[in-house]
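Below is one structure, written out as structure tokens; the observations come after it.
The values are calculated or read from the model by the stated rules, or taken from the named source; none is laboratory data. Note that the structure is a prediction, hence the values are computed from the model and not measured. Here the Cβ positions follow ideal geometry from the backbone for every residue, glycine too, while neighbour counts run over all protein chains shown. Surface accessibility is based on the protein's heavy atoms, side chains included, excluding ligands, DNA and RNA. Shrake-Rupley method; radii C 1.70, N 1.55, O 1.52, S 1.80 Å.
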Amino acid sequence: MGNKLPLAVLFLGILGMVLVAAVSAYSPEPVALKYPESWPTPTYDFTKNPLTKQGIELGRRLFYDPILSKDSTISCSSCHLSYTAFTHVDHDLSHGIADRIGTRNSPVLMNLAWVSSFMWDGAVNHLDMQALAPISSPVEMDETIENVVKKVQRSSPYPSLFYHAFGDSTVTGEHLLKAMAQFELTLVSANSKYDQVKRGEAAFTGQENNGYMLFQKNCARCHAEPFFTNHDFEKNGLPLDTTLHDFGRMVITQLPTDSLKFKVPTLRNIEFSYPYMHDGRFRKLGDVMKHYTQSSQLNIELSSNEKVDLTAFLLTLTDKEFLFNPDFAFPRN
Amino acid sequence: MKYHLKISMAILLAGLFLLHTPLFAQQNPQEIVLHINPILNGKSSNDGLIISQLNGDSIAIHTLRFYLSNFVFYKNGKEIGREKDSYHLLDMEDESTLSIAINPNTGDGLGAIRFDLGTDSLTNVSGAMGGDLDPANGMYWAWNSGYINFKIEGYYEKCPTRNHQFQFHIGGYLPPFKTVQTIELTGLNKREIWVDMELSVFFEHIDLAKEHSIMSPSKAAANLAQLLSKTFRIHGE
């Protein structure tokens with residue numbers, strides 16, 4: 001009788017440990033990317049990085065964590081704010097650590113599962129690898145991925161979050177980058193008025209409809225539907241800014257024909273993504289229209305009324321569900 | 001009760017210890033080990049550092065890191081197998097990385113091996129990978145995507161740079177500046193293959209006083225990659 005009580009306690013203890021182990025076991029919950037049926041299949045290879053609830057949550061936490069920067073002051077969201085289409089609107093050129101100013105305007109982040117080259121010049125060839133560029137840039141985060149991995153490993157609760165996302169509490173560059181890519185892949189914008197019109201759920205006004213026709217005639221070759229970009233590099237007639245000497249794509253390919261070519265940005269949520277162009281030189285949509293109609297290289301003619309109509313159409317690309325989606329904002333829990 | 005627990009623990013610990021002794025750590029009979037020995041004018045590295053002479057001036061190599069990948073095995077002139085997940089990051093500072101165990105499943109050896117010096121273009125566009133290909137290994141370019149296939153850094157008296165440093169980070173996967181090189185070793189008949197990597201072949205063809213810093217894909221990088229591929233030879237040949 002005297003031996004039975006300790007044995008029972010031992011049994012309960014072991015049972016408790018087994019239950020705790022079962023509850024905290026690695027069991028990632030698969031997530032399917034939601035996007036309109038009419039859209040093409042994503043170019044991102046999800047077989048190499050399947051979306052999971054745990055992976056997305058980890059990526060979101062990393063996206064908003066200044067631990068990625070050398071002095072823990074700059075996070076991805078410093079330049080990519082959810083409420084402004086994941087770009088910033090307060091400067092022409094983005095600024096990073098210690099108020100250092102870069103040479104380009106931060107791009108918007110959305111519908112990235114259909115993008116296969118990144119940055120204004122296409123320097124980065126895969127979404128997974130994109131975060132390496134701002135992490136190591138001396139004017140952005142001024143860190144190294146090697147050091148970020150070490151810092152994240154030491155920072156609770158990251159080891160546990162990595163375990164639940166990837167089955168391994170050891171932080172690696174691969175898993176860190178894949179988690180961030182998972183969060184970024186979920187940033188799908190597909191519920192603007194334009195999308196609703198396409199689905200037959202809303203109707204354009206006469207002015208918006210006229211703007212849509214003008215858009216199709218003058219802009220759609222580069223800003224192709226449904227992403228409002230052809231994902232290519234184009235020369236749009238902008239003169240070289242002699243304070244920056246940024247020749248764009250040519251720096252990567254070293255081909256003279258790529259001089260002054262830059263990535264075509266999406267027009268989705270353009271109402272919130274000012275200033276415009278790779279160097280943020282235009283603060284207003286009116287300035288952009290003025291450039292396109294005055295450039296001798298483009299041959300675009302628009303009357304004052306047509307510019308107003310085109311602007312009305314561009315405003316239908318605003319997707320407030322995307323801009324104010326709580327799943328994309330700073331993780332408060 | 002306590003006595004039996006102690007005995008069990010002792011047996012368990014003894015078993016674990018024995019598993020790690022050479023007596024029980026049997027080498028896989030199918031396994032072939034490739035030893036890469038970086039040398040300059042016949043001099044090996046000491047603690048990750050090679051010190052020698054080049055054209056009568058002192059030269060030191062303190063960093064030598066590179067990828068070998070895509071191992072293919074041949075016997076009697078025919079391909080008999082390929083290594084799975086074939087990526088190896090070799091680092092002169094870490095001797096254990098300079099010996100690569102390969103398992104071609106050939107029974108009694110093989111005649112030739114072909115492998116890449118560097119990483120192929122598919123690897124360079126496949127996103128984040130782990131192990132030797134983890135970007136946190138310091139062999140990946142952030143601002144112009146792609147692996148650094150080969151790093152060689154050191155000091156040479158005639159380098160007109162700060163502290164007489166030279167730095168070659170050789171990479172690039174897009175034509176016309178592709179840097180991956182294919183190397184073939186033939187006449188293999190032993191289970192241990194000793195390969196010298198004679199770096200004088202590289203340094204004798206470049207003028208370090210003029211060409212001392214390359215850190216992006218370019219024609220010069222592609223040319224240096226070709227030179228590096230010529231440094232490999234079976235020891236004693």
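Assorted remarks:
- Residue in segment A:173-183 that is among the basic types (Lys, Arg) and open to solvent by 50 Å² or more (accessible area, probe 1.4 Å) present: no
- For segment A:205-215, the criterion of a residue being more than 27 Å from the chain's Cα centre (by Cα), farther than 22 Å from residue A:63 by Cα and among the charged types (D, E, K, R) is satisfied by at least one position.
- Residue match in segment A:316-329 (condition: hydrophobic (A, V, I, L, M, F, W, C), touching a Lys or Arg at 6+ places or on another chain (Cβ under 9 Å) and open to solvent by 30 Å² or more (accessible area, probe 1.4 Å)): no
- Residue match in segment A:110-117 (condition: more than 9 Å from chain B (Cβ to nearest Cβ), modelled with pLDDT under 95 and outside any helix (DSSP H, G or I)): no
- Considering residues of segment B:152-187 that are touching a Ser or Thr at 6+ places or on another chain (Cβ under 6 Å) and more than 14 Å from chain A (Cβ to nearest Cβ) only, the residue farthest from residue B:219 (Cα to Cα): B:157
- Selection from segment B:205-224 of residues that are touching a strand residue (DSSP E or B) at 6+ places or on another chain (Cβ under 8 Å) and either of a type in the set (Gly, Ala, Ser) or free of Cβ contacts under 8 Å to residues at least 24 places away in the same chain (or both): B:213, B:216, B:220, B:221
- Members of segment B:98-118 found to be surrounded by 19 or more Cβ atoms within 10 Å (Cβ to Cβ) and either under 26 Å from residue B:47 (Cα atoms) or within 11 Å of chain A (Cβ to nearest Cβ) (or both), listed by number: B:98, B:100, B:102, B:117, B:118
Listed here are the residues, each with its yes/no results for (1) modelled with pLDDT under 95; (2) surrounded by fewer than 19 Cβ atoms within 10 Å (Cβ to Cβ); (3) over 27 Å from residue B:79 (Cβ atoms).
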| residue | (1), (2), (3) |
| --- | --- |
| B:183 | no, yes, no |
| B:191 | yes, yes, no |
| B:197 | no, no, no |
| B:204 | yes, yes, yes |
| B:209 | yes, yes, yes |
| B:217 | yes, no, yes |
| B:228 | no, no, no |
| B:234 | yes, yes, no |
| B:237 | yes, yes, no |
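- Condition met for residue A:49 (modelled with pLDDT of 95 or more and farther than 23 Å from residue A:325 by Cα): yes
- For segment A:235-247, the count of residues that are of a type outside the set (Lys, Arg), part of a helix (DSSP H, G or I) and at pLDDT below 95 is zero.
- Pairing each residue of segment A:312-323 that is over 18 Å from residue A:210 (Cβ atoms) with any residue that is among the aromatic types (Phe, Trp, Tyr), provided the two are 6+ apart or on different chains, yields C-beta distances under 6 Å for A:323/A:83.
- Any hit, segment B:61-83, residues being of a type outside the set (A, V, I, L, M, F, W, C) and under 23 Å from residue B:160 (Cβ atoms): yes
- Applying the condition of being open to solvent by less than 10 Å² (accessible area, probe 1.4 Å) and facing another protein chain (nearest Cβ under 9 Å) to segment A:133-146 and asking which residue is farthest from residue A:261 (Cα to Cα) yields A:135.
- Residue check for residue A:89: surrounded by fewer than 20 Cβ atoms within 10 Å (Cβ to Cβ) and either away from chain B (no Cβ under 14 Å) or modelled with pLDDT of 95 or more (or both): yes
- Verdict on residue A:224 being modelled with pLDDT of 95 or more, in contact with a helix residue (DSSP H, G or I) (Cβ under 8 Å, 6 or more places away or on another chain) and in a loop (DSSP other than H, G, I, E, B): no
- Residue in segment B:119-131 that is out of contact with any helix residue (DSSP H, G or I) (no Cβ under 6 Å at 6 or more places or on another chain), over 19 Å from residue B:33 (Cβ atoms), open to solvent by 10 Å² or more (accessible area, probe 1.4 Å) and away from chain A (no Cβ under 12 Å) present: yes
- Taking each residue of segment B:174-190 that is touching a residue at least 60 places away in the same chain (Cβ under 8 Å) and looking for partners that are open to solvent by 80 Å² or more (accessible area, probe 1.4 Å) and not in a loop (DSSP other than H, G, I, E, B) with beta-carbon atoms closer than 7 Å, six or more apart or interchain, yields B:181/B:226.
- Number of residues in segment A:118-153 that are assigned to a helix (DSSP H, G or I), among the β-branched types (Val, Ile, Thr) and out of contact with any strand residue (DSSP E or B) (no Cβ under 9 Å at 6 or more places or on another chain) equals 4.
- Once segment A:245-261 is narrowed to residues that are open to solvent by less than 70 Å² (accessible area, probe 1.4 Å) and within 11 Å of residue A:122 (Cα to Cα), the residue that is farthest from the other protein chains (Cβ to nearest Cβ) is A:261.
- Sole residue being of a type outside the set (S, T, N, Q), over 28 Å from residue B:30 (Cβ atoms) and touching a residue at least 12 places away in the same chain (Cβ under 8 Å), chosen from B:65, B:114, B:82: B:65
For every residue, the table says whether it meets (1) farther than 16 Å from residue A:140 by Cα; (2) in contact with a helix residue (DSSP H, G or I) (Cβ under 8 Å, 6 or more places away or on another chain); (3) open to solvent by 20 Å² or more (accessible area, probe 1.4 Å).
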site: A:57; (1), (2), (3): yes, yes, yes
site: A:63; (1), (2), (3): no, yes, no
site: A:68; (1), (2), (3): no, yes, no
site: A:71; (1), (2), (3): no, yes, yes
site: A:78; (1), (2), (3): no, yes, yes
site: A:84; (1), (2), (3): yes, yes, yes
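- Scope segment A:147-163; condition touching a Phe, Trp or Tyr at 6+ places or on another chain (Cβ under 8 Å) and either charged (D, E, K, R) or open to solvent by less than 30 Å² (accessible area, probe 1.4 Å) (or both); matching residues: A:152
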